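Heads up: the structure comes next, in structure tokens.
Just so it is clear, none of the values below were taken in a lab; they were calculated from the coordinates. This is a predicted model, so every value here is computed, not measured. A quick note on method: Cβ atoms are made from the backbone with ideal geometry, for glycine too, and the neighbour counts reach across all protein chains shown.
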Amino acid sequence: MTTILIVDDSKLARIVVSKAIAGLQPDWEKIEAGSADEALERLANAEVDVVILDYNMPGRSGLDLAEALRAERPEMPIALATANVQDEVIARARAANVTFVAKPINEDGLRGFLSGAALQLRSAAR
Amino acid sequence: MTGDALHLAELEHDALTELVNIGVSRAASSLRGMVGRQVHLSVPSVEVVSRMVASALIRERETGPLVAVRQEFQGAFNGQALLIFPEQNSLELVRSVTGDALPPDQVQDLEQEALAETGNVVLNSCLATMANMLQRPLEMSLPEVIRGEGARFFQAAGEGDDGGVVLFLYINFAISDRDIRGYIAMLMDLPSLAALKELIAEFIARVMGDDAE
């Protein structure tokens, strides 16, 4: 069973992401968090395999959280979702080996990241 | 009736904030393209307030004179979008946009034009993104540069028969390595707020509906 954590301060955005994931990876279990702090709590209490993060959130940004997560979980597939396509944001995401996903999110935009993550998790399990 | 239009349900408020967030993130990316430096954004704030409160919200952060680029938008809902910053940042913004290559006297000459163009790019990318997501076209007027007290920016363009209540969306931004900060604000009167509320409900149904797409 693969578990994906969806982190976004917008409930609607979490619903949209969740729906896209359900369309692409119907068997994955989805858990949600409304902030970076809440995400850390979820991560402490559940086996999470994949994380998708919103960038612009109150408190810590998704990118800060991604960098912190990357330090602990070098192999975990992490995506950053934002419409903020500034070079610096993309460069920081790349440097932390975080996949960039454009908002608004739909199945097409998420397909590459999810299939890459599924592949990576399968090969790591072998 | 006005009570209904004034009240956004939690998910509607959430959806509107997310729309603004996506619109403004695109706008910041456009501005980054113009100034060549990273543009930092705050989390957007969306409130239904009086025009007086809207101007007070800016005034409590900015005491000096302000400059704004204003564009009217019309379509399924109407209103004004403003890019606002302290007047003392104005020339610095023009220098950023023109790439520091111009002599000071030319910077002065170009100020009005550069401000209008910057406002146009930023506000258009924000509004166009929102219009696309709501699937309703918006017509944008030409940008107008206005100066003075914040209160002036929030006065009704025509008649003020809405009891002075507006939907006030704002977000602040700052540019890396430059002493430039500012705000993007959007003002809509009550009939537009009611129309927007309907479109948001449609948007929510579209993105949440199982048979959508």
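Taking the protein assembly as shown as the region of interest, what is the percent of Cα-Cα pairs per 20 angstrom bin, listed from the shortest bin to the one with the maximum distance?
30, 54, 16, 0
Counting only other chains, what is the mean number of Cβ atoms within 10 angstrom of the Cβ of each residue in peptide A:16-25? Can you show the working numbers first?
Working: counts 6, 0, 1, 6, 1, 0, 1, 2, 0, 0.
Across the residues of A:16-25, the mean count of other-chain Cβ atoms within 10 Å is 2.
Pick from B:VAL49, B:VAL69, B:VAL122: which is most flexible by mean-square fluctuation in a GNM of chain B where alpha carbon atoms under 10 Å apart are linked?
B:VAL49
Using a cut-off of under 15 Å, list every residue of the range B:24-43 whose amide N is near the label point 7 Å from the Cα of B:ALA174 along the Cα-to-beta-carbon line.
The answer is B:38-43.
Can you give the alpha-carbon Rg of the range B:172-213 over 2.2 N^0.38 Å, where N counts its residues? Provide the component values of the computation, followed by the final result.
Working: Rg = 17.3 Å, N = 42, 2.2 N^0.38 = 9.1 Å.
Rg over 2.2 N^0.38 Å, computed on Cα atoms: 1.90.
Under a point-charge model restricted to the Cβ atoms of Lys and Arg (+1) and Asp and Glu (-1), what is the dipole moment magnitude of chain B relative to its Cα centre, in debye to the nearest 20? Before the final figure, lay out the partial values.
Details: 15 positive and 31 negative charges, 97 e Å.
The dipole of chain B has a size of about 460 debye.
Taking N as the number of residues in chain B, what value does Rg over Cα atoms divided by 2.2 N^0.38 Å take? Please list the in-between numbers first.
Details: Rg = 17.3 Å, N = 213, 2.2 N^0.38 = 16.9 Å.
For chain B, the normalised Cα radius of gyration comes out at 1.03.
May I ask you to list, by number, the DSSP H helices of chain B whose Cα span along the axis is at least 18 Å and whose average Kyte-Doolittle hydropathy reaches 0.5 or more?
Going by DSSP H runs, the hits are B:190-208.
Can you list, bin by bin at 10 Å, the percent of alpha carbon pairs in the range A:21-126, starting at 0?
14, 49, 34, 3
Cα-based Rg of the range B:1-102 per 2.2 N^0.38 Å, rounded to two decimals? Walk me through the numbers on the way to the answer.
Values: Rg = 16.4 Å, N = 102, 2.2 N^0.38 = 12.8 Å.
Compactness ratio reported: 1.28.
Rg/Rh for the range B:9-50 to two decimals, with Rh computed the Kirkwood way over all alpha-carbon pairs. If you can, show how the numbers build up before the last one.
On the way: Rg = 12.7 Å, Rh = 11.5 Å.
Here Rg/Rh amounts to 1.10.
Let me test this: with uniform point scatterers at the alpha carbons of the range B:68-171, what is the Debye-based log₁₀ I(q)/I(0) at q = 0.12, 0.16, 0.18, 0.19 1/Å?
Debye curve over Cα of the range B:68-171, log10 I(q)/I(0) at q = 0.12, 0.16, 0.18, 0.19 Å⁻¹: -0.47, -0.77, -0.93, -1.00.
Quick one: Cα convex hull volume of the range B:79-136, Å³ per residue? Intermediate values should be presented prior to the final figure.
Values: hull volume 4.8 nm³, N = 58.
So the per-residue hull volume is 83 Å³.
Of B:THR118, B:LEU138, A:ASN106, which is farthest on the positive side of the dipole of the protein assembly as shown, counting Cα position, with +1 on Lys and Arg Cβ, -1 on Asp and Glu Cβ, and the Cα centre as origin?
Result: A:ASN106, furthest along the dipole toward the positive end.
Which FRET efficiency value, to the nearest 0.05, do you get for B:ALA194 and B:GLU117 by plugging their Cβ-Cβ distance into 1/(1 + (r/R0)^6) with R0 = 22 Å? Working shown, then result.
Working: r = 33 Å, r/R0 = 1.52.
The computed FRET efficiency comes out at 0.05.
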